[in-house]
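The values are calculated or read from the model by the stated rules, or taken from the named source; none is laboratory data. Quick caveat: nothing in here was measured; it's all calculated off a predicted structure. Quick reminder, even Gly has a Cβ in these numbers, built from the backbone with ideal geometry, and neighbours come from all protein chains shown. SASA here: full protein model, heavy atoms, side chains in, ligands and nucleic acids out. Shrake-Rupley method; radii C 1.70, N 1.55, O 1.52, S 1.80 Å.
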Amino acid sequence: MTLTTPKATALGTRPARVGNKTDRGYFPAGESMLREVHGERVVGLYYGQRTTLIGALDGLLYASTERHTHGKSQPWARLSRTARIMENIFFGTKEDADRELERVAKMHAQVKGRMPKGADPRLAGKRYSASDPALAFRTIGAMADSALAIYEAFVRELSDAERERYWRDYLLAGELFGLKREDAPASYRDFRRAWDEWLEYDSSAFLTASARESAIQSAYHQPLPRPQEEVQKRLNYLIVTGTLPQRVRDVYELSWGKKERLAFRALSKSMRTGRPVMPRPIRRGRNHAQFNLVARTEHFRQARGRETWQIG
């Protein structure tokens, strides 16, 4: 599922870029809580999978994105490209980020229309647009919620003040994608309340059959060289499923019994306690190499006529 963001005309709301090619970016190291959280490799490797599972619960967000998705025959190449784009925005200079944001805006300027009559009855006839603040907030919210959930499970819990700083950074991220601040909760506390209410009680949170298949594939079945793929699938399931709310597990019918709970707790404890002695380059940094490996493995299998997941 691609990132759904407001169209190019909304980019006028972006904060003015200052500095030069050597500037520190929109999320400076040592200052930005967003960068602190996303800089952990465990977050960078897994928050996207969790985001997909959460985002797919917004039926209109998923269906409208799927209708305008290019590269359906190579979804892993597309997902890997999206992951690299986000790392460039979070960790690159402002010039790097602006270049990526312009590309994304041009693509999503075309994401608008009306759901056809043959669509899910809950969606048929509904208008959608990538500039819809509700859809943009749902995407940003799913990213913020997922990255924080993984960080706090495997690194450490943030203080209330740090969570507020983290959400302020995500409000800036929303602005970069054209989401006005008045269209999102002003504080982390308000975001947490609104987000949990949507997941638990809002009737707009539902899962279509195609969204479920796509989200499950995206979250748990990345193509990788064997035997790395089998190990990664087990890690994917524990890390992603263990950080989901129980209602989301129930909607997706994900098994989460005593065995899984104990394994998740053991993994969380071992990663937390082992982190202080782990070399910094192993625990922090970009994950471009892993994203590229996924895309190359997909290409390798298709080139040899092997069956791979495709959308639609």
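Quick grid of which residues meet (1) open to solvent by less than 50 Å² (accessible area, probe 1.4 Å); (2) in a helix (DSSP H, G or I); (3) of a type outside the set (Ser, Thr, Tyr):
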residue: LEU238; (1), (2), (3): yes, yes, yes
residue: ASP250; (1), (2), (3): no, yes, yes
residue: LYS259; (1), (2), (3): no, yes, yes
residue: PHE264; (1), (2), (3): yes, yes, yes
residue: ARG275; (1), (2), (3): no, yes, yes
residue: ILE282; (1), (2), (3): no, yes, yes
residue: HIS299; (1), (2), (3): no, yes, yes
residue: GLN310; (1), (2), (3): no, no, yes
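For the stretch 163-187, a tally of residues being farther than 22 Å from GLY92 by Cα and open to solvent by 20 Å² or more (accessible area, probe 1.4 Å) returns 9.
Within the stretch 296-312, residues that are under 8 Å from PRO223 (Cβ atoms) and in contact (Cβ under 8 Å) with a residue 12 or more places away in the chain sit with their Cβ atoms under 8 Å from residues that are surrounded by 14 or more Cβ atoms within 10 Å (Cβ to Cβ) and hydroxyl-bearing (Ser, Thr, Tyr), at 6+ positions apart or across chains, in these pairs: GLU298/THR308; ARG301/THR308.
Within the stretch 145-161, the set of residues being open to solvent by less than 40 Å² (accessible area, probe 1.4 Å) and in contact (Cβ under 8 Å) with a residue 60 or more places away in the chain comprises ASP145, SER146, ALA147, LEU148, ALA149, ILE150, TYR151, ALA153, PHE154, VAL155, LEU158. Of the set (1) under 30 Å from ALA211 (Cα atoms); (2) of a type in the set (D, E, K, R); (3) touching a residue at least 12 places away in the same chain (Cβ under 8 Å), all apply to LYS258 but (3). Across the stretch 63-121, which residue is surrounded by the most Cβ atoms within 10 Å (Cβ to Cβ) among those that are without any contact (Cβ under 8 Å) to a residue 40 or more places away in the chain and among the small types (Gly, Ala, Ser)? For the stretch 63-121, the residue satisfying everything is GLY71.
I'm trying to understand the selection: among the residues of the stretch 188-200, which are open to solvent by 30 Å² or more (accessible area, probe 1.4 Å) and over 15 Å from PRO245 (Cα atoms)? Those that are open to solvent by 30 Å² or more (accessible area, probe 1.4 Å) and over 15 Å from PRO245 (Cα atoms): ARG189, ASP190.
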